[in-house]
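One structure below.
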Amino acid sequence: MHDLPLLLNITLGLVAAFFGGVLARRIGLPTIVGYLLAGIVIGPFTPGLTGDVETIQQLAELGIIFLMFGVGLHFSFKDLFRVRDIAIPGALLQTLLATLAGATLSHFAWGWSIPASLVLGLSISVASTVVLTRGLMDHNLLNTSHGQAAVGWLVMEDILSVLILVLMPALAGGAGGFDGLGLLFTLLKAAAFGLIMFFVGARAVPWLLDRIAHTRSRELFILAILAITLGVAVGAAGLFGVSLALGAFVAGAIVSQSRLSLQVGADILPFREAFSVLFFVSVGMLVNPIFLWTNLGQVLGLTLLVVFGKAVLTLLLGLAIPRRARTFLVVAVGLSQIGEFSFILGQGGLSLGLLNNEQYSLILAAALISITVNPLMYRLLPALESGLQRLPWVWNRLDRHHALPPVDVKSLNHHVVIVGYGRIGRHLVDVLSSLEVPLLVIEADPDRIQELNARQIACLYGDAANSEVITHAGLNKARALVSTAPEEATAAMVVAAARDINPALPIVARAASLEGVDHLTKLGANHIVHPELEGGLEMVLHTLLQLGYPLRKVYDYVESVRRDRYNVDLNSPDEYRSLRGLIRAADNVEIYWLDLAEGSPLVGQSLRQADLRARTGASVVAILREDQLISNPKSHSLFQAGDRIGVIGEPDQIELVGRILGSG
């Protein structure tokens, strides 16, 4: 067999990671845990097959580059700005306190040097983006105000981590005293790199991607992405002396400004996933299980600081930052782990000689255990919340969101109750308000409640699915209830509770699947909207109209599909009869759309005055005016310049109508 060490190490790393990832998912753990364990298995400190650490470490550099490129590509100042009141001060203070706690523990308890202690403190201060996002998604928290606060907090931590990567080389001179000149030179080089990229690269890179996209060659497009990613990262390290990770992050941030950034993210994903797996495997290969066992006390101490110490520090910050207590509980649980950024910071300290392998192994062990334990922390949320509520002096201090004025629900009568003030709920509120329909909104986001109060719209603060708030919505006197919640579990609980309170109340609910349509129907919802189905029906309707099918037949067909799809127990032939009607109509009748020009003699005349049917034999079935369709226009309807007239009839009749309209 040929001597192919690179290929053999890639194969060994990926195969081991595959089995490790499958095992981790089977027992309900994040796949990162499996990748780290796979690295330990093929590492030099365990018997059996052993990969070449140096070769896999070089491959891991690609993993770091693609990971940081992905962070930059999806970096969002908008997410940070939305929750800036909690994310910016919270992340800054938590990073500072966690760094001090880690540095104090390692320096005074274990006798580490100050630079090594600082690197450890910085490494445990930042959480894993992958683990946090996965945890929030698995527990339906990602799209809540609590989850958005956690994501914004992590965005701020990412910014701080990037700054740390810039400043870390200055720590390397810490053993010989503070190198102020070196720090200044590092900052100047980083600033020069940033200015060049954000003033020149921000124009050149999107322009280049647009030109490559017009070649219609996906191979060239992917090659351009790889060239930009690796070229900027390596060029930044070689020319400006900044880290590969920082160069890749800036490259991703620049590419995110292109209108093709979504396509870039899709195309770069396979490379990022594959090489990031090798990065995690390489991290695991540096762990010495024997060293960790002999230093089990340090491992447990650092892990307790990461899992519980960071959570406690976050909750303490809640005493100073006015937000809901549950928000800080979710943030505390989500950030009680460390991951990829910790590895990157630790590797930076390792390469600069600030850490040794044993010290780095402690960081890796804390990461491995904290990531494993983190899913269990989410299950403790209800118990933590109820436990704190039993301590009123703590809970009242922690739960200090903006005071909301009470709503006089008793004065509401014949009103519409809307659950949720997201995009759909906001649009519904706008429409009903313009129609002067009395309404009440139930919303769990305090910021949206403030907006509703500013608009003087009656609202109740709370989770309609998980609290008694819906019992105070006056459903016995309500005209209708509309649940706009995208989660079917939430919608089901709202529908069930509302139906128990008022069996005769008309209920409109949103479903995310056809199974959800069936479930909500059985719970008592009168009308269910499935957004994906409705979008498809709209596309069918406009396509058939564009192809010239009769308007009434098209509407009949769409309605039959809607009835059939929403009534999942119904197996009627309505849809097929409507489809056959469309086919017969297309065979027998032709519909034409004619434009009414400015100088046409029909402008200003009514349909009765024009008398087109008597003059030509053709019938006017629709008028399209400023994107508004007037079907079956009445005899008193007036023709206006710019109208599109829908006419059915024989070809010679249509030709005669065209001459009368002046359309040719």
- Query: What is the pair-distance distribution P(r) of the stretch 409-512, computed from all Cα-Cα distances in 5 Å bins starting at 0, with each bin given as a whole percent?
  - Reply: 2, 13, 27, 29, 20, 8, 1
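If we count GluC sites (Glu not before Pro) as exposed when they sit in a DSSP loop and have at most 13 other beta carbons within 10 Å, what is the longest stretch of the chain that avoids them all?
Working: sites that count: Glu436, Glu598, Glu626.
Longest stretch, sites excluded: 1-435.
As a footprinting exposure proxy, order Lys522, Lys553 by other Cβ within 10 Å, with the fewest listed first. If you can, show how the numbers build up before the last one.
Numbers: Lys522 12, Lys553 20.
Ordered from fewest to most neighbouring Cβ atoms within 10 Å, Lys522, Lys553 come out as Lys522, Lys553.
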- Query: Which one of Val264, His542, Gln389 has its Cα pushed farthest toward the positive end of the charge dipole of the chain, where Lys and Arg give +1 and Asp and Glu give -1 at the Cβ?
  - Reply: Gln389
- Query: Taking the Cα centre of the stretch 5-389 as origin and charging only Cβ (+1 Lys, Arg; -1 Asp, Glu), how large is the dipole, in debye to the nearest 20?
  - Reply: 900
- Message: Using only DSSP helix segments of four residues or longer, with each worth -39500 (n - 2.57), what per-residue ellipticity at 222 nm results for the chain after dividing by its residue count and rounding to 500?
- Response: -20000 deg cm²/dmol
- Rg/Rh for the stretch 301-369, where both radii come from Cα atoms and Rh is the Kirkwood radius: 1.10
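Please report the orientation-averaged projected area of the stretch 453-561, defined via the convex hull of its C-alpha atoms, in nm². Spell out each step's value before the answer.
On the way: hull surface 35.8 nm².
Projected over every direction and averaged, the Cα hull of the stretch 453-561 covers 9.0 nm².
Arrange the following residues from fewest to most other Cβ atoms within 10 Å of their Cβ: Met137, Met197.
Details: Met137 12, Met197 21.
Placing the least packed residue first, the sequence is Met137, Met197.
Please go through the stretch 593-664 and write out the trypsin sites (Lys or Arg not before Pro) that DSSP classes as loop and that have at most 13 other C-beta atoms within 10 Å. Can you show the working numbers first?
Numbers: sites: Arg608, Arg613, Arg615, Arg625, Lys634, Arg644, Arg659; in loops: Lys634.
When the trypsin sites (Lys or Arg not before Pro) of the stretch 593-664 are filtered for loop state and at most 13 Cβ neighbours within 10 Å, Lys634 remain.
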- What span do the alpha-carbon atoms of the stretch 5-389 cover on each of the three principal axes, reported in whole Å from largest to smallest? 61, 52, 51
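Tally Lys/Arg at +1 and Asp/Glu at -1 over every other residue whose Cβ is under 15 Å from the Cβ of Ala641; what's the total? Intermediate values should be presented prior to the final figure.
On the way: positive: Arg625, Arg644; negative: Asp595, Glu598, Glu626, Asp643.
Summing Lys/Arg as +1 and Asp/Glu as -1 gives -2.
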- Query: So what is the relative contact order for the chain, in percent, with contacts set as C-alpha pairs under 8 Å and at least six apart?
  - Reply: 12
- Item | Cα gyration tensor, the stretch 473-514 - rounded (a/c under 1.5), prolate or oblate | prolate
- Task: Would you please classify the overall shape of the stretch 590-664 from the alpha carbon gyration tensor, given that a ≥ b ≥ c denote the square roots of the eigenvalues, rounded means a/c under 1.5, and beyond that prolate means a/b larger than b/c while oblate covers the rest?
- Result: rounded
- Query: Binning every alpha carbon pair distance of the chain at 10 Å from zero, what are the percents per bin?
  - Reply: 3, 12, 17, 19, 17, 14, 9, 5, 2, 1, 0
- Under a Cβ-Cβ cut-off of 14 Å, what is the net charge of the residues other than Gln389 that fall near it, where Lys and Arg count +1 and Asp and Glu count -1? +2
- Query: Based on DSSP H assignment, which helices of the chain show an axial Cα extent of at least 30 Å together with a mean Kyte-Doolittle hydropathy greater than or equal to 0.0?
  - Reply: 5-26, 145-171, 218-240, 261-285, 357-379
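Coordinate-derived values only; no laboratory data. All values reported here derive from a predicted model rather than from experimental measurement. Don't worry about glycine lacking a Cβ; one is built from the backbone with ideal geometry, like all the others, and counts go over all protein chains shown.
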